[in-house]
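Peer 1: Sending over a structure as structure tokens; questions will come in a sec.
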Amino acid sequence: MTSSEVPGKAGTREWIGLAVIALPCVIYSMDLMVLNLAVPQLSEELKPSASQLLWIIDIYGFFVAGSLIIMGNLGDRIGRRKLLMIGALAFGAASVFAAFSSSAAMLIMARAVLGVAGATLAPSTLSLIRNMFHDPTERTTAIGIWVASYSIGGAVGPLFGGLLLEHFWWGSVFLVNVPIMILLLILAPILLPEFRDPAATRLDILSAALSLLAVLAVIYGLKQFAEYGAGLRPLLSVLVGIVLAYVFARRQRQLADPLIDLTLFRRPAFSASLTVYMLGVLVAFGFFLFISQYLQLVLGMGPLEAGLWTAPSGLVFMLSSMLAPRFVRKLHPAYVMAGGLAVAALACLLLSLVGSSYGLAVVMSGFVILSLGLAPVFTLATDFVVTSAPPERAGAAAAISETSAEVGGALGIALLGSIMTAIYRGAMSAAIPLDTPPYAAEAALGTLGGAVAVAKDLPAEIGATLLASARLAFTDALATTAVISAVIAVAAALLAILMLRRVEPVAH
């Protein structure tokens, strides 16, 4: 008897379909990474203002985060495969629009459309996995591959983007999306099943607007906090987001067919897994940003070289994601997640030794161990979230899961970034040479990137002293932040044990 004939078992079509599902996930994460490499070229050609450049970089993530809940629910209503194909078509068209943008405003619009289209990918693909793989072990394996596909995109993005930018213009990094989306449009009707909630009603427009505005306000406030520090604008933005989220939650309780079923949050498997997932992403996102800066600004690597050094961690993340089902055959998922977070905490403590003479070895080994620990956490937390919701609400559950990841990433950059900035500025305020020009001192006090930029224009001795002080301050700040991250990982591990160990796991 073949696997396709065994009740509940996935056949060849499902596993090939999983490969099709993984393609847009790879592209989605690549799109988050490659634009940073293209910034120097597009800045020279399009000449965006400082504000426009920030919006070019940030607006994609904003609209992805804000649209996830809407798209997850829309997929449940109109069909998950149908929404995935609509999103793929829009993503491909917006990629062409972005690649040939002739102005900063045009590129900002294209990136916004890419964000909305990108928001269809994660909930649609994850909820389709819920329908395609009914065997618990196979489903966890499939989710592990799904999680790993994002890591592959994150690892391949800088390498592929760097190669393209060495030979072509900045818009080439967007055109990579087009053939992948065409392939998805061809294969999806053949290999992917369709599923929609037959009892679903029309999408509540007011709820959709409230969810979009609430998430956008919170994410925007956290990004402003990360970039400019504490202030009235980021505080008001976050508060407005919280108020809108409260109004949204009250409306959901009054609707017969709500956008989000708030009773899901009463289930420990759902709410605790979301929190653990968010905390894990917080640690991961913060450190990915800081380690990239360390490699390029402290050690002086180029983007392509830095990408090559970070590639092993992506490979380890991919392998560890797919090993998660093996772990849970012998241990309760709560203990596997807690163990993974404990490993991540040890990795953070190792990264706190970055100031030693073996800085590069410490960073690379710590980053690999961090990936090893967090990968099964993300896989199992996602599995808990999706399977704790009824099948007809899988799209909405997947969207909530991905929204928590987006918030966790923004929190990681805002919280850990603010801590690093405060430590860096405190150290630099006492280390800037007395004969440093005021403009250079101000730039160096702001960021390590600013110090690297102005040091080139100063007299050799002053510039070298200023740069050495800035690099030392950044390294010390990174080490302290690593210890704080270890504490966060331990707290998440304790939460996993306390809240999830009594949850009956699905048999593997």
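The values are calculated or read from the model by the stated rules, or taken from the named source; none is laboratory data. Because the structure is predicted, anything quoted here is derived from the model rather than measured. No Cβ is skipped: glycine too gets one built from the backbone with ideal geometry, and neighbour counts run over all protein chains shown.
Peer 1: If you check Ala493, Ala507, which single one turns out to be within 17 Å of Leu331 (Cα to Cα), hydrophobic (A, V, I, L, M, F, W, C) and modelled with pLDDT of 90 or more?
Peer 2: Ala493
Peer 1: Picking from Val343, Val354, which residue would you name as being among the aliphatic types (A, V, I, L, M) and assigned to a helix (DSSP H, G or I)?
Peer 2: After ruling out the rest, the residue left standing is Val343.
Peer 1: Any idea how many residues of the range 1-49 are buried (at least 21 other Cβ atoms within 10 Å of the Cβ), at pLDDT 75 or above, within 30 Å of Gln296 (Cβ to Cβ) and β-branched (Val, Ile, Thr)?
Peer 2: Qualifying residue count, the range 1-49: 1.
Peer 1: Going by the structure shown, is Val343 in contact with a Phe, Trp or Tyr (Cβ under 6 Å, 6 or more places away or on another chain), of a type in the set (Val, Ile, Thr) and at pLDDT 80 or above?
Peer 2: no
Peer 1: While we're on this one: Would you please name the residue that is farthest from Ala477 (Cα to Cα), looking only at residues in the range 425-444 that are among the hydrophobic types (A, V, I, L, M, F, W, C) and either part of a helix (DSSP H, G or I) or modelled with pLDDT of 80 or more (or both)?
Peer 2: Among residues in the range 425-444 that are among the hydrophobic types (A, V, I, L, M, F, W, C) and either part of a helix (DSSP H, G or I) or modelled with pLDDT of 80 or more (or both), the one farthest from Ala477 (Cα to Cα) is Ala440.
Peer 1: Tally the residues that are modelled with pLDDT of 75 or more and surrounded by fewer than 24 Cβ atoms within 10 Å (Cβ to Cβ), restricting the search to the range 164-176.
Peer 2: Here the count works out to 8.
Peer 1: Would you confirm whether any residue within the range 178-190 is modelled with pLDDT of 75 or more, farther than 30 Å from Gly11 by Cα and surrounded by 14 or more Cβ atoms within 10 Å (Cβ to Cβ)?
Peer 2: No: zero hits.
Peer 1: Another one. Check Tyr424 against each of (1) within 29 Å of Ser151 (Cβ to Cβ); (2) without any contact (Cβ under 8 Å) to a residue 60 or more places away in the chain; (3) surrounded by fewer than 17 Cβ atoms within 10 Å (Cβ to Cβ) and name the one condition it does not meet.
Peer 2: Here Tyr424 clears every test but (3).
Peer 1: Another one. When you scan the range 373-384, do you find a residue that is touching a residue at least 12 places away in the same chain (Cβ under 8 Å), under 30 Å from Glu305 (Cβ atoms) and surrounded by fewer than 21 Cβ atoms within 10 Å (Cβ to Cβ), even just one?
Peer 2: No, the conditions are met nowhere in the range 373-384.
Peer 1: Are there any pairs, at least 6 apart or on different chains, whose C-beta atoms fall under 6 Å, with the first in the range 349-366 and assigned by TED's automatic domain parsing to the domain that holds Thr481 and the second of a type outside the set (Phe, Trp, Tyr) and in a loop (DSSP other than H, G, I, E, B), and if so, which?
Peer 2: Val362/Leu353; Val362/Val354; Val363/Val354
Peer 1: Shifting gears a bit: Has the range 469-490 got any residue that is free of Cβ contacts under 8 Å to residues at least 12 places away in the same chain, out of contact with any Leu (no Cβ under 6 Å at 6 or more places or on another chain) and over 21 Å from Leu370 (Cβ atoms)?
Peer 2: no
Peer 1: Considering the range 321-336 alone, what residues qualify as being crowded, with 19+ Cβ neighbours inside 10 Å and either more than 21 Å from the chain's Cα centre (by Cα) or of a type in the set (A, V, I, L, M, F, W, C) (or both)?
Peer 2: Listed by number, the residues that qualify are Met322, Ala324, Pro325, Phe327, Val328, Pro333, Ala334, Val336.
Peer 1: Taking only the range 251-262 into account, find how many residues are loosely packed, with under 11 Cβ neighbours inside 10 Å and either touching a Ser or Thr at 6+ places or on another chain (Cβ under 6 Å) or in a helix (DSSP H, G or I) (or both).
Peer 2: Here the count works out to 2.
Peer 1: I've got another one for you. Would a scan of the range 317-337 turn up a residue that is part of a helix (DSSP H, G or I), more than 25 Å from Ala410 (Cβ to Cβ), touching a Ser or Thr at 6+ places or on another chain (Cβ under 9 Å) and among the small types (Gly, Ala, Ser)?
Peer 2: yes
Peer 1: Tell me which residues, restricted to the range 445-464, are farther than 20 Å from Leu295 by Cβ, in contact with a helix residue (DSSP H, G or I) (Cβ under 9 Å, 6 or more places away or on another chain) and part of a helix (DSSP H, G or I).
Peer 2: Hits for the range 445-464 are Leu445, Gly446, Val454, Ile462, Gly463, Ala464.
Peer 1: Now for a separate question. Among the residues of the range 458-481, are any outside the structural domain of Thr141 (by TED's automatic domain parsing), modelled with pLDDT of 80 or more and more than 29 Å from Gln296 (Cβ to Cβ)?
Peer 2: So far as the range 458-481 goes, no, none of its residues is outside the structural domain of Thr141 (by TED's automatic domain parsing), modelled with pLDDT of 80 or more and more than 29 Å from Gln296 (Cβ to Cβ).
Peer 1: Could you say whether any residue in the range 149-168 is among the polar types (S, T, N, Q), in the same structural domain as Leu53 (by TED's automatic domain parsing) and within 15 Å of Met181 (Cα to Cα)?
Peer 2: No.
Peer 1: From Ala110, Ala155, grab the single residue that is over 14 Å from Ala399 (Cβ atoms), modelled with pLDDT of 85 or more and either surrounded by fewer than 24 Cβ atoms within 10 Å (Cβ to Cβ) or not aromatic (Phe, Trp, Tyr) (or both).
Peer 2: None of the other options fit; the residue is Ala110.
Peer 1: Does Gly339 satisfy the condition of being surrounded by fewer than 20 Cβ atoms within 10 Å (Cβ to Cβ), under 30 Å from Thr465 (Cα atoms) and out of contact with any Pro (no Cβ under 6 Å at 6 or more places or on another chain)?
Peer 2: The answer is no for Gly339.
Peer 1: Please go through the range 263-290 and give me each residue that is surrounded by fewer than 20 Cβ atoms within 10 Å (Cβ to Cβ), out of contact with any Ser or Thr (no Cβ under 8 Å at 6 or more places or on another chain) and either among the small types (Gly, Ala, Ser) or not in a helix (DSSP H, G or I) (or both), ordered by number.
Peer 2: Of everything in the range 263-290, just one residue is surrounded by fewer than 20 Cβ atoms within 10 Å (Cβ to Cβ), out of contact with any Ser or Thr (no Cβ under 8 Å at 6 or more places or on another chain) and either among the small types (Gly, Ala, Ser) or not in a helix (DSSP H, G or I) (or both), namely Ser271.
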